[in-house]
1. Suppose we keep only residues that are surrounded by 23 or more Cβ atoms within 10 Å (Cβ to Cβ) and at pLDDT 80 or above within the stretch C:115-130. Which one would you say is nearest to the other protein chains (Cβ to nearest Cβ)?
2. What residue, of C:ASP265, C:ASP303, C:ASP289, is out of contact with any helix residue (DSSP H, G or I) (no Cβ under 7 Å at 6 or more places or on another chain) and touching a residue at least 12 places away in the same chain (Cβ under 8 Å)?
3. Hey, could you check the stretch C:200-237 for residues that are polar (S, T, N, Q) and in contact with a helix residue (DSSP H, G or I) (Cβ under 6 Å, 6 or more places away or on another chain) and say which is nearest to C:VAL305 (Cα to Cα)?
4. Before we move on, is B:VAL99 closer than 26 Å to C:ASP131 by Cβ and aliphatic (A, V, I, L, M)?
5. Please verify whether C:LEU223 is of a type outside the set (Gly, Ala, Ser), closer than 30 Å to C:VAL272 by Cβ, surrounded by fewer than 24 Cβ atoms within 10 Å (Cβ to Cβ) and under 16 Å from the mean Cα position of the chain (by Cα), treating the condition exactly as stated.
6. Just checking, how many residues over the stretch B:226-237 are modelled with pLDDT of 90 or more, among the charged types (D, E, K, R) and surrounded by fewer than 20 Cβ atoms within 10 Å (Cβ to Cβ)?
7. Restricting attention to the stretch A:271-281, does a residue exist that is modelled with pLDDT under 95 and among the charged types (D, E, K, R)?
8. Could you grab the pairs with beta carbons closer than 8 Å, sequence gap of 6+ or different chains, first residue in the stretch C:216-236 and in contact (Cβ under 8 Å) with a residue 60 or more places away in the chain, second one among the charged types (D, E, K, R) and part of a loop (DSSP other than H, G, I, E, B)?
Amino acid sequence: MHKPLGPNRSQEFTRPRGDSHSLNPEPLKLFKNKEISERVLSTLHQQSILSVNDISREQLIELVKLAACLESLEISREHPLDGKLVITAFFEASTRTRVSFESAVLRLDGKIISIPEGSTTGVKKGESIEDIGEMFNAYGDLVIMRHTETDALERIQKGLRLPVINAGNGTGEHPTQALADWYALIKWCPDLIDPEVKQSLNVGILGTPGSMRAVKSFLLLALQFKEKINSVTFISEMADPLGKDIKEAITNAGIDFSVSNDMQDHLPNLDVIYMNSIVCVGENYTAMDSSYKLNSDSPLKKDAVILHPLARLDELDRSLDDTPHNLYFSQAHGAVFLRQALLICILGRLYTMPREIPLVP
Amino acid sequence: MHKPLGPNRSQEFTRPRGDSHSLNPEPLKLFKNKEISERVLSTLHQQSILSVNDISREQLIELVKLAACLESLEISREHPLDGKLVITAFFEASTRTRVSFESAVLRLDGKIISIPEGSTTGVKKGESIEDIGEMFNAYGDLVIMRHTETDALERIQKGLRLPVINAGNGTGEHPTQALADWYALIKWCPDLIDPEVKQSLNVGILGTPGSMRAVKSFLLLALQFKEKINSVTFISEMADPLGKDIKEAITNAGIDFSVSNDMQDHLPNLDVIYMNSIVCVGENYTAMDSSYKLNSDSPLKKDAVILHPLARLDELDRSLDDTPHNLYFSQAHGAVFLRQALLICILGRLYTMPREIPLVP
Amino acid sequence: MHKPLGPNRSQEFTRPRGDSHSLNPEPLKLFKNKEISERVLSTLHQQSILSVNDISREQLIELVKLAACLESLEISREHPLDGKLVITAFFEASTRTRVSFESAVLRLDGKIISIPEGSTTGVKKGESIEDIGEMFNAYGDLVIMRHTETDALERIQKGLRLPVINAGNGTGEHPTQALADWYALIKWCPDLIDPEVKQSLNVGILGTPGSMRAVKSFLLLALQFKEKINSVTFISEMADPLGKDIKEAITNAGIDFSVSNDMQDHLPNLDVIYMNSIVCVGENYTAMDSSYKLNSDSPLKKDAVILHPLARLDELDRSLDDTPHNLYFSQAHGAVFLRQALLICILGRLYTMPREIPLVP
């Protein structure tokens, strides 16, 4: 059975809470299997998430269903994270990701210790990241960390006994961004998680996964949906945008992929376009692949959707904001709820969920 | 009927909560009309406050009455802002205003996401302020924003669907500072809001409204009390301290005003003196009009009061702190309660007010 | 009666809450006198703590007993600091101390206004520290302050009417660090507070108390336990590491002390070693006495324990972390609970303590 792609369906959705940019995630509409497995979600208890590889497809699906419930209910009154203290340690500055996590925690009545400029403090004294990990043990229940260095997470875990969520590590990964990406895609096209429905999406990546952690995590998570993907096209200014690891992973998954530097050629064929242009190099940001620009005149397939981790420069024109191609706002909005679902599981607070959420043992 | 000015009356006030610098705002003493109109205050629900012109005289009076109630009661136990999340986004650094707002929110049991150094984060990546507005939609219920650029508020509203309160925009306005100023003045002289009592205050402005947003907002709000004002004297180092817009507004209001650069000449005639000297120019602060200095030996009218938005340099000498001329500490202290009153209205939480507050439909 | 030193006893302790680095502070085991005096602790109500001299030995002992109770119970559900607002004002950057205090407050359900980079804000406008004190009166219930200038606390108290806790002032003191140090030592060797048991500890100080506020506060607090101390040996690169005040204090206490620059000579004789190497000089950090390095091959007495306020550079090798000499992790972990005990007393919330805590009038 082959059903039409998401955009047609998503337009039926009523817009919730007066918010024109979020797809209505009504869980009873979205999923055939309306139950959420507590057994699967419980396996996340006290787990660290350093890479998308720390999340199985099975876990992802249940997380997405829980996030959809959280997005359609107002559960802050339940105080699910009451008494829990989350440390947000950003050794690389970020507003968007930090605020997304802090909003997720605070709306569940957890508490936050915020270290927005980690690089200016203990580190200034020459303190090792291992010792910072040891320090955090005494002060919180979970650490959310971003760092300019790729190996910082491994190093902090030498001293840290709390679970840690990677919020971006150098040229490494940004796994919760990828979870939010796929949450948006699954809301757009719920059949992605229905094994009985065939899909053959043509996915385009505008950017350089080898240098862009958000793109890399998106791609690695895409491998979990390989049977729904017809092809992946990488459009990049670099001759080899993938790097050895990613090329190996995608080859092993048996996905048909190609590399090109000509966007115009491929655009009319793509169903899902993931783009990014800002790369963090050490302490600073720079733009890559910024010659690939999309606007409302671009030759996009009628049903195509665009994902972008934001912030954007002018590679993604505001003329697209009010078109059905815009999935990036839904992606940003949904991220809060996906992160809430993850936090509830890791911090062992599934038992606080209200009865409206159809958890089954 | 002509009654003596405030200072004589205010000295009767008992000092509340052991705090020697705040006038006792006991609402039952202050106001003839002891009822607070819920109808008027409800019109502020979900409203943005960019300028003092977004507040009518009628709204201001009811806000002042509500603030006075909040200042004399301990209402934090009522948790009026429970479940509400306020984003304080300071793209121009500020301790005083940020902390005043955060204290107002936290004492009402609201939650805060604090972005104390907005300029170092998303903006560093080149993100547009419109996109930052779109981002905030997902993360909070209200935004309090300060920015070095005057047009930043208009721009953020292109993407933002939450109410926003201007906490200072370039050379624009600082409306909640002006509301706090007039809250202090009305506590000092409650007849200001009594249409039956005549007043004819001589107001002096030491500073340059055209370059100082706090002064400008104070002045524009003064126009709502024009029938109580006899004259306004601008004392400034600049030949034209007003600028076209302000001159037009004050002329249209029919207020008698004059401009001078000689302070000593005018001091003995002034009832209310508003002064400021710190101006934000781009990323930095500089002092203007700092040749106009007041101390306890200045030839002030016996009953005169001094307002100052603080922080001060040496234009306002500490020798005045313990004199009855000092209204600036009351002004700073009351600001928390005025801001609380405003937040309760904008966030639709009037219904949480305890019975001691005489709200009427 | 002469009993064996702490390490032997501490190894009997079961490790609480899966945390391998904190000694179990089970209060019923630790103290002969199991009651905690509410009368003594109440004398801390609304008190400022600028120096260890603001804490008597009697107060310290009751604080330690209360901290031990807090460490072994989960009392966050009691919300002891509900409705209290604490301002953390760090005019000298610090992660470790700020986060330790903020964790202490948040876990007791108090609220925090965090000023992590005080030096970049009001001060930038040229605001005096006296005025900042006046400002804080309106915004919180207690101020925790760190400052690069030694006299900053005295100056802020000219305007501030709230209690203030010194979290480090220039080359002055760091009293809550010292309280945490002695909390760790008393957990390690409870006989320190038992007047009937004789102890004669040989204490070594690796560092320069005259320039290191944490070392200075540790030492001044040690004087309260002078009858338990046999000797103090200062090992420093400086010819006169003490300075006049400290030399006078230790001489008056009648403690036998000596100064040396040869560590190897003295190590085999020491029971308690306090070390530090990072000194804050103005806005920056530098290392002193860093030629004195300890590792697991150092000729330490079998029972000796090492204290270090952290952060560390390479003067304290990670090879010691898993040895019984490591008291520095217990010291860091316990600091949260000692600070909680102090906050509960200063903010007048002893009445919220649950019945499991054996408070007596």
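1. Here the residue is C:ILE115.
2. C:ASP289
3. Ranking the qualifying residues of the stretch C:200-237, first place goes to C:ASN202.
4. The answer is yes for B:VAL99.
5. Yes, satisfied.
6. So the count comes out to 2.
7. no
8. Within 8 Å, the pairs are C:SER217/C:GLU173; C:LEU220/C:GLU173.
The values are calculated or read from the model by the stated rules, or taken from the named source; none is laboratory data. Predicted model, so just to flag it, every value in this text is computed and none were measured. Glycine also receives a Cβ, built like all others from the backbone with ideal geometry; neighbour counts cover every protein chain displayed.
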